[in-house]
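Enquirer: One structure follows; several queries about it will come next.
Laboratory data are not the source of any read-out in this text; all were calculated from the coordinates shown. As the structure is a prediction and not an experimental result, all values here were calculated from the model. All Cβ positions, even for glycine, are placed from backbone atoms using ideal geometry, and neighbour counts span all protein chains on display.
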Amino acid sequence: DDKINDLRVCEGFAVTASDDGFLRVWPVDFSDFFLEAEHESAVTSCSVSADGLQVAAATRTGSLGVLDIPSHAYRTLLRSHAGAVTGVAFDPDPERDEMATCSEDGTARVWDCATGEQLYEFAGDAGEVACAVAYRPDGNV
């Protein structure tokens, strides 16, 4: 009954982020999910790493986590923003272990996935909300 906020489809599986607080990994026929991670609030956005081995999840309460597909382990990286995270994207460059987020707090940020350290922050004008974030194929945000 809860709406799906984001859907990512890649080779071999699909990922949904939904208002019921679950990040779910599905076969591409959506017959039944085979992996899920529950969150304290709605999952607002998701992203799949370039190698397909990790899935990032962002929530309405501003947290960011990563689900490791092979081990099924989930780790919360950090409470990343003061508002709901509205978008998350992995850097497609395999040499950089980074991801970018944007939020209702008006910022876009770049994070080191291994350490959780914030590398960059970009703030919009007062009252502006960042709705989506993506990397160009060359790895630039």
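Enquirer: Which residues' amide hydrogens lie under 5 Å from the amide hydrogen of residue 54, considering only partners 5 or more residues apart or on another chain, with H built in the peptide plane?
Expert: 49, 69
Enquirer: Just in the stretch 42-85: which trypsin sites (Lys or Arg not before Pro) are loop by DSSP and have at most 11 other Cβ atoms within 10 Å? Working shown, then result.
Expert: Values: sites: 60, 75, 79; in loops: 60.
Counting only loop positions with at most 11 other Cβ atoms within 10 Å, none of the trypsin sites (Lys or Arg not before Pro) in the stretch 42-85 qualifies.
Enquirer: In the stretch 1-47, which GluC sites (Glu not before Pro) fall in coil by DSSP and have 11 or fewer other Cβ atoms within 10 Å? Mind dumping the intermediate values first?
Expert: Values: sites: 11, 36, 38, 40; in loops: 11, 40.
The qualifying sites are 11, 40.
Enquirer: Under a 5 Å amide H to amide H cut-off, with H placed in plane at 1.01 Å, what residues pair with residue 18 once short-range neighbours are removed?
Expert: It is 5, 43, by chain and number.
Enquirer: Would you kindly state the longest site-free stretch of the chain, with sites defined as chymotrypsin sites (Phe, Trp or Tyr not before Pro) in a DSSP loop (not H, G, I, E, B) surrounded by at most 12 other Cβ atoms within 10 Å? All intermediate terms of the calculation are to be shown ahead of the outcome.
Expert: Numbers: sites that count: 30, 34.
Longest gap between qualifying sites, sites excluded: 35-141.
Enquirer: With a cap of 13 neighbouring Cβ atoms within 10 Å, and only residues DSSP puts in a loop, list the GluC sites (Glu not before Pro) found in the stretch 68-118. If you can, show how the numbers build up before the last one.
Expert: Values: sites: 95, 98, 104, 117; in loops: 95, 104, 117.
The qualifying sites are 95, 117.
Enquirer: Hey, what does the equivalent ellipsoid look like for the stretch 12-141, semi-axes from the Cα gyration tensor as sqrt of 5 times each eigenvalue, largest first, whole Å? Before the final figure, lay out the partial values.
Expert: On the way: eigenvalues 105, 59, 33 Å².
One finds semi-axes of 23, 17, 13 Å for the stretch 12-141.
Enquirer: Here's something else I'd like to know. Under the √(5λ) rule applied to the eigenvalues of the Cα gyration tensor, what semi-axes describe the equivalent ellipsoid of the stretch 60-135? Give them in Å, descending. Don't skip to the answer; put the middle values down first.
Expert: Working: eigenvalues 95, 38, 21 Å².
Value: 22, 14, 10 Å, ordered largest first.
Enquirer: Thinking of the stretch 29-74 as a set of Cα atoms, what percent of all their pairs are more than 16 Å apart? Don't skip to the end; give the middle numbers.
Expert: Numbers: 436 of 1035 pairs.
The answer is 42 percent, as a whole percent.
Enquirer: Could you run the Karplus curve 6.51 cos²θ - 1.76 cosθ + 1.60 with θ = phi - 60° over the stretch 6-15 and give me ³J(HN,Hα) per residue in whole Hz, x for Gly and Pro?
Expert: 8, 9, 10, 10, 9, 5, x, 7, 10, 10
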